[in-house]
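The values are calculated or read from the model by the stated rules, or taken from the named source; none is laboratory data. None of these values were measured; they are calculated from a predicted model. Neighbour counts run over all protein chains shown; Cβ positions are idealised from the backbone, glycine included. With ligands, DNA and RNA removed, areas are computed over all heavy atoms of the protein, side chains included. Shrake-Rupley method; radii C 1.70, N 1.55, O 1.52, S 1.80 Å.
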Amino acid sequence: MTGSHNVDGSYFDDLFDGYDYNYSTVPMLFDSAPCKNPWTINKYLVVVVYLLVFLLSVVGNCIVVLVICYNKLHRSSTDVYLLNLAIADLLFAVTLPFWAAYKAKEWLFGLFMCKAVSVLQEVNFYSGILLLACISVDRYLAIVHATEAVTQKRYMVKYICLGIWCFSFILSLPILLYRTVLNYGSGVICYDNMGSENTEKWKIILRIGRHTVGFFFPLLIMLFCYGFTIKTLFQTKSSQKQRAMKVIFAVVIAFLICWLPYNITLVVDSLMRSRFLNETCEMRVHVDTALSVTEVFGFMHSCINPILYAFIGQKFRNSFFRILASKGIINKEFLSRYGRSSSIGSISGHTSTTL
């Protein structure tokens, strides 16, 4: 295969024997303790889950992009962040068929696609948490400090989103540099080739730093902003603001449920590989199994937001139905049943116009 490196299969025999392992997302596997893992995940079940998530994500996020773009005249700063979040999920969904094929057999798509889909996965993860952190700051300013003028400056929000994309790509550069294709024994893997032991130790430190800056620090910002936002909402008892915040809170909670377990496990894995934690066979088995399971939940996140919008976001449903009615897909009578709600025609600088 072009761009791949040949590696003697015997080099990995002790390490890989008995493993059902995802080589794409655990970069320092070669330094693992040679323990056999009795717990395996059915790879065909994972393939089905990935393909189902792919379909739901493409359809759902395309609808989100359509709804937000259709409401361009009254688009709020929150809408701009949510639009970028949907685009990030769409880009990530494109990688899922590749990961599904990799799970089923081996890496079949060459060096360029190995790097490309790996970087897209990383950029989606970092941009997702950073965009949610920006939404938390946006809601904090709009609700706690009532600084509508700041949140209304959409041109500034666009530059913030551009900065987030650039910063997420910078955080993903190690994947672009080190991810390669290796011919190992019975198959081909898409994997981080770290080289010397000293290089690998620096990579572990770099990985912990990336996840601290790109995940845990934005998480602290979100906790701070939403803590004061919830306090203010309880005091003001604004039903309109509370409805909008229900969707935002659901989006944040869904992100944390999907990605927080994986990141905590990844930090534990890094600490074990850097010898800050004692690595035993039992610990290695538990961490490897946890990485495989939590990764599936992380991948599922890309299709969850549109489902939350559809079930919780009344404005989102109303906007979507208006689009369908304008195209003649549904009749006006169907739309009128939802048009009686107070939110269908309301526009507020403090809340998203679609959610």
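Residues of the stretch 265-304 that are farther than 22 Å from T212 by Cα and within 15 Å of the chain's Cα centre (by Cα): M300, C303, I304.
When the stretch 279-309 is filtered for residues that are more than 27 Å from A93 (Cα to Cα) and either free of Cβ contacts under 8 Å to residues at least 12 places away in the same chain or part of a helix (DSSP H, G or I) (or both), the ones remaining, listed by number, are C281, E282, M283, R284, V285, H286.
Close Cβ contacts (under 6 Å, 6 or more residues apart or on different chains) running from residues in the stretch 100-115 that are in contact (Cβ under 8 Å) with a residue 40 or more places away in the chain and in a helix (DSSP H, G or I) to residues that are surrounded by 15 or more Cβ atoms within 10 Å (Cβ to Cβ) and among the acidic types (D, E) are absent. Residue pairs whose Cβ atoms lie under 6 Å apart, separated by 6 or more positions or on different chains, with the first residue in the stretch 210-223 and of a type in the set (A, V, I, L, M, F, W, C) and the second surrounded by 14 or more Cβ atoms within 10 Å (Cβ to Cβ) and assigned to a helix (DSSP H, G or I), are F215/I129; F215/N263; I221/A133; M222/A133; M222/S136. Residue check: F276 meets all listed conditions (1) surrounded by fewer than 17 Cβ atoms within 10 Å (Cβ to Cβ); (2) touching a residue at least 40 places away in the same chain (Cβ under 8 Å) but one, namely (2). Only residues that are modelled with pLDDT of 85 or more and among the aromatic types (F, W, Y) were counted in the stretch 154-203, giving 4.
Among residues belonging to the stretch 288-315 that are under 18 Å from Y70 (Cβ atoms) and modelled with pLDDT of 85 or more, point out the one that is surrounded by the most Cβ atoms within 10 Å (Cβ to Cβ). Among residues in the stretch 288-315 that are under 18 Å from Y70 (Cβ atoms) and modelled with pLDDT of 85 or more, the one surrounded by the most Cβ atoms within 10 Å (Cβ to Cβ) is Y309.
Condition check ((1) closer than 30 Å to K327 by Cβ; (2) touching a Phe, Trp or Tyr at 6+ places or on another chain (Cβ under 8 Å); (3) among the acidic types (D, E); (4) open to solvent by 10 Å² or more (accessible area, probe 1.4 Å)) across all residues:
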site: L73; (1), (2), (3), (4): yes, no, no, yes
site: A93; (1), (2), (3), (4): yes, yes, no, no
site: W99; (1), (2), (3), (4): no, yes, no, no
site: L111; (1), (2), (3), (4): no, no, no, yes
site: V123; (1), (2), (3), (4): no, yes, no, yes
site: Y140; (1), (2), (3), (4): no, yes, no, yes
site: K158; (1), (2), (3), (4): yes, no, no, yes
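In summary, I329 fulfils each of the numbered conditions (1) modelled with pLDDT under 85; (2) under 28 Å from the mean Cα position of the chain (by Cα); (3) open to solvent by 60 Å² or more (accessible area, probe 1.4 Å); (4) among the aliphatic types (A, V, I, L, M) with the single exception of condition (2).
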